[in-house]
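Reviewing the structure listed below.
The values are calculated or read from the model by the stated rules, or taken from the named source; none is laboratory data. All values reported here derive from a predicted model rather than from experimental measurement. In this analysis, Cβ positions are derived from the backbone assuming ideal geometry, glycine residues included, and neighbour counts consider all displayed protein chains.
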Amino acid sequence: MSRTDVDTGIAERPQPPREAAKRPSRPRPPLSREIVETRILGVLKWITIAFFLIATLFPFYYMVMLSVRAIEDVALDPGALWPPRGVSTAAFGEVLRSVDDGGQGFLTFLRNSAVIALASVALTLLVSILGSYAIARLQFFGRRQVNFLFLAVYLFPAILLAIPLFVFFTRIGLRGSLFGLILVYASQIVPVTIYMLRNYFETVPESLEEAAALDGAGRLTIIRKVSLPLAMPAIMATSLFVFMIAWNEFLFALLFLVENRQNWTVSLGLSQLAGSIEVAKTTLMAGSVILTVPIVILFFATERLLVEGLTAGAEKG
Amino acid sequence: MREGPVVGAEESARAGPRRRGRTLAQQEARAGLALLSPTLIVVLVMVVIPILWTVVIAFQSLRLRNLRTRLFDFSFTLDNFGNVLTSPGFLEALKVTLIYSVVGTALSIGLGLVAALVVRKPFKGRTLVRASMLLPYVAPVVAVTFAWTIMLDPELGIVNAIGADLLGWEERIPFLTQESGTLSIFGLDLGVPTALIVVTLYQAWRYFPFSFLFILARLQALPAELDEAARVDGATPLQRFWRITLPQLQGVIALLTVLRFIWTFNEFDDIYLLTQGGAGTEVVSVRVFRYLTGRGDIGAAAALSLVLALLLAVLLFLYFKFFVGRVEEADAI
């Protein structure tokens with residue numbers, strides 16, 4: 001800019017000559033804007049990646065580190081980045097031991113969470129495989145409307161749904177039962193899983209199903225023998241997605257199960273633990289680790305599958 | 001959306017075998033509804049009817065303790081709405097919800113965009129970096145909020161410890177329980193809503209991976225030719241980003257804006273677990289929860305949640321009317 005600003009006579013004129021001058025001289029200047037920007041951005045990129053890695057990983061590292069320190073030790077030296085006085089697994093013992101043995105009974109909570117998450121996966125898949133296949137493949141009245149309805153329904157706040165379900169389950173005595181919660185989870189996730197699976201079913205070549213139909217296979221046989229095996233990656237991704245949501249869920253677990261300690265999930269148990277003053281923060285962190293580890297293992301083991309399943313169709317914009 | 005190919009496929013399917021006199025189209029319609037019926041029943045019973053029922057409850061004077069006797073008492077009243085809308089703190093909660101949603105949405109999408117741009121090109125360890133960046137989003141909300149709570153704790157937290165040791169903070173900052181603090185920059189004392197800022201930053205941290213994931217997927221599907229052509233024409237990296245890449249991301253960013261805004265607006269878990277809605281962070285959904293469990297006032301809770309949903313609908317309507325129209329015009333040019 002400053003070079004061309006010298007001839008201030010005509011405002012519009014400096015532009016074209018500058019462009020023209022730039023092109024032939026490109027190999028020469030060692031510090032063109034292109035090179036400067038590329039270098040600065042190249043450095044900034046790594047700084048940014050480092051920043052994101054620290055920001056995303058540090059809270060998890062901190063969680064694990066606190067869970068293996070003694071609480072007195074933390075109070076003495078809260079700024080330590082490394083357990084200064086050795087590692088102790090006492091907090092984990094306290095969290096996992098049953099209430100009768102003076103612990104917090106997280107083993108029971110782990111079992112509850114696992115049952116709820118697995119049953120939600122099973123129920124959701126059963127319902128949504130049939131439904132998404134129908135929406136993807138079959139021509140019937142109201143197909144588009146159903147599609148729209150499912151997405152629209154998902155926009156309502158969970159807390160709005162929670163009120164009538166709370167009333168309903170209180171009234172029929174299902175509040176406090178694992179079964180009620182599984183039903184709630186499955187019904188809330190079904191609209192999303194239908195959407196995910198439908199996208200995938202649409203990519204399965206129809207000719208394969210037609211061939212099976214010509215061989216005399218019925219609709220359900222076709223789904224079971226042809227479409228399902230082909231859609232396996234999407235079904236796996238969907239299962240993982242449902243499992244994670246059900247495992248992590250908090251609001252409905254809190255509303256429905258809080259009065260029935262036997263049925264608490266890990267999330268709920270942990271949140272209730274935080275309310276009592278005599279529980280040390282390190283114990284709380286041990287509980288958080290127990291809650292997080294299964295999800296993190298599952299996630300890192302299946303990251304590629306999950307990411308592809310979730311963003312299928314996003315490439316289209 | 002994909003009418004063309006689908007219709008063509010149906011035509012060819014019609015040439016297949018027929019059963020029992022019914023046309024194949026009829027058979028298909030029946031099969032479609034049969035297969036869809038479990039879904040319809042589940043969603044109808046557990047989602048659609050509850051939503052409609054909320055509307056009914058909002059006009060009943062229903063409380064937890066008179067649930068057995070009053071549930072089917074349909075003498076409708078507008079009291080719930082009156083109480084909820086005029087109760088002290090309602091407007092404040094509305095303001096907090098809006099600030100939290102707008103700033104939180106913008107921050108999480110902005111961070112997601114930056115994160116997607118830096119891992120766009122392959123490098124060693126990229127898969128691991130990408131997975132790490134998704135961690136805040138997939139980890140259980142209860143665990144991550146507790147990690148944050150303890151990190152920010154005035155006594156035991158590492159943030160205050162570092163602040164005191166390295167940055168010379170004179171007093172410890174109770175990040176999650178302080179409604180407003182003073183921030184001194186260059187001798188200027190600015191009043192800041194500490195807890196609200198912290199929960200908004202937390203929300204950006206936890207939800208940027210969602211935007212990151214979708215923007216990255218879109219970025220990797222962009223045709224390389226445009227960028228290449230611009231480079232040959234002498235456009236610098238920054239110019240290429242603003243003029244070539246960003247316009248192509250407009251669609252996905254608009255979609256993310258809607259989704260993230262809806263979800264942040266309805267957000268409950270994170271704020272409840274971080275501050276229980278205290279210290280000036282009471283968003284409307286936390287208030288609904290308070291009505292429901294604290295006071296056992298089911299009618300008021302339903303009324304307030306309806307207000308929340310209606311407000312969201314109005315905001316979305318405005319968004320689509322004023323912004324999306326413009327984006328599409330810009331696309332056309």
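Would the range B:37-55 turn up any residue that is on the phi < 0 side of the Ramachandran plot and either in contact (Cβ under 8 Å) with a residue 60 or more places away in the chain or in the same structural domain as residue B:196 (by TED's automatic domain parsing) (or both)?
Yes: one or more hits.
Would you mention how many residues in the range B:164-177 are within 11 Å of chain A (Cβ to nearest Cβ) and within 23 Å of residue B:277 (Cβ to Cβ)?
Of the residues in the range B:164-177, 1 are within 11 Å of chain A (Cβ to nearest Cβ) and within 23 Å of residue B:277 (Cβ to Cβ).
Return a yes/no flag: does the range B:43-59 have any residue that is outside any helix (DSSP H, G or I) and either among the aliphatic types (A, V, I, L, M) or surrounded by 14 or more Cβ atoms within 10 Å (Cβ to Cβ) (or both).
Yes; the residues of the range B:43-59 include at least one that is outside any helix (DSSP H, G or I) and either among the aliphatic types (A, V, I, L, M) or surrounded by 14 or more Cβ atoms within 10 Å (Cβ to Cβ) (or both).
Restricting to the range B:132-163, and then to whatever is in contact with a Lys or Arg (Cβ under 7 Å, 6 or more places away or on another chain) and facing another protein chain (nearest Cβ under 8 Å), can you tell me which residue is surrounded by the most Cβ atoms within 10 Å (Cβ to Cβ)?
B:144
Give the range A:259-273 a look and list any residue that's assigned to a helix (DSSP H, G or I) and over 12 Å from residue A:181 (Cβ atoms), or say none.
Hits for the range A:259-273 are A:261, A:262, A:266, A:269, A:270, A:271, A:272, A:273.
Filtering the range B:95-130 down to residues that are of a type in the set (S, T, N, Q) and either within 26 Å of residue A:302 (Cβ to Cβ) or free of Cβ contacts under 8 Å to residues at least 24 places away in the same chain (or both), which residue is farthest from the other protein chains (Cβ to nearest Cβ)?
B:108
Which residue out of A:79, A:86 is over 30 Å from residue A:176 (Cα atoms), of a type outside the set (Ser, Thr, Tyr) and at the interface with another protein chain (Cβ under 8 Å from one of its Cβ atoms)?
Going through A:79, A:86 in turn, just one is over 30 Å from residue A:176 (Cα atoms), of a type outside the set (Ser, Thr, Tyr) and at the interface with another protein chain (Cβ under 8 Å from one of its Cβ atoms): A:79.
Taking residue A:184, is it within 22 Å of residue A:143 (Cβ to Cβ) and either in contact with a helix residue (DSSP H, G or I) (Cβ under 7 Å, 6 or more places away or on another chain) or surrounded by fewer than 20 Cβ atoms within 10 Å (Cβ to Cβ) (or both)?
So residue A:184 does not fit the description; no.
For residue A:172, all conditions in the list (1) under 17 Å from residue A:124 (Cβ atoms); (2) of a type in the set (A, V, I, L, M); (3) away from every other protein chain (no Cβ under 11 Å) hold save one; what is the number of the exception?
Failed condition: (1).
Taking the conditions exactly as written (assigned to a helix (DSSP H, G or I), more than 12 Å from every other protein chain (Cβ to nearest Cβ) and modelled with pLDDT under 85), does residue B:330 satisfy them or not?
yes
How many residues does the range B:264-292 hold that are of a type outside the set (A, V, I, L, M), at the interface with chain A (Cβ under 9 Å from one of its Cβ atoms) and more than 20 Å from residue B:91 (Cβ to Cβ)?
Of the residues in the range B:264-292, 2 are of a type outside the set (A, V, I, L, M), at the interface with chain A (Cβ under 9 Å from one of its Cβ atoms) and more than 20 Å from residue B:91 (Cβ to Cβ).
Pick from A:99, A:121: which is hydrophobic (A, V, I, L, M, F, W, C), farther than 30 Å from residue B:158 by Cα and under 25 Å from the mean Cα position of the chain (by Cα)?
Testing whether each residue is hydrophobic (A, V, I, L, M, F, W, C), farther than 30 Å from residue B:158 by Cα and under 25 Å from the mean Cα position of the chain (by Cα) leaves just A:121.
Counting only residues that are closer than 24 Å to residue B:154 by Cα, at the interface with chain B (Cβ under 7 Å from one of its Cβ atoms) and not β-branched (Val, Ile, Thr), how many does the range A:35-76 have?
Total meeting the criteria: 8.
Every residue in the range A:125-156 that is among the polar types (S, T, N, Q) and facing chain B (nearest Cβ under 9 Å), please.
A:128, A:132, A:139
Identify all residues within the range B:294-307 that are free of Cβ contacts under 8 Å to residues at least 40 places away in the same chain and either closer than 12 Å to residue A:167 by Cα or surrounded by 24 or more Cβ atoms within 10 Å (Cβ to Cβ) (or both); write none if there are none.
B:301
Of everything in the range A:210-222, what is at pLDDT below 80 and part of a helix (DSSP H, G or I)? Give them in sequence order.
A:219
Can you find even one residue in the range B:272-288 that is assigned to a helix (DSSP H, G or I) and over 19 Å from the mean Cα position of the chain (by Cα)?
No: zero hits.
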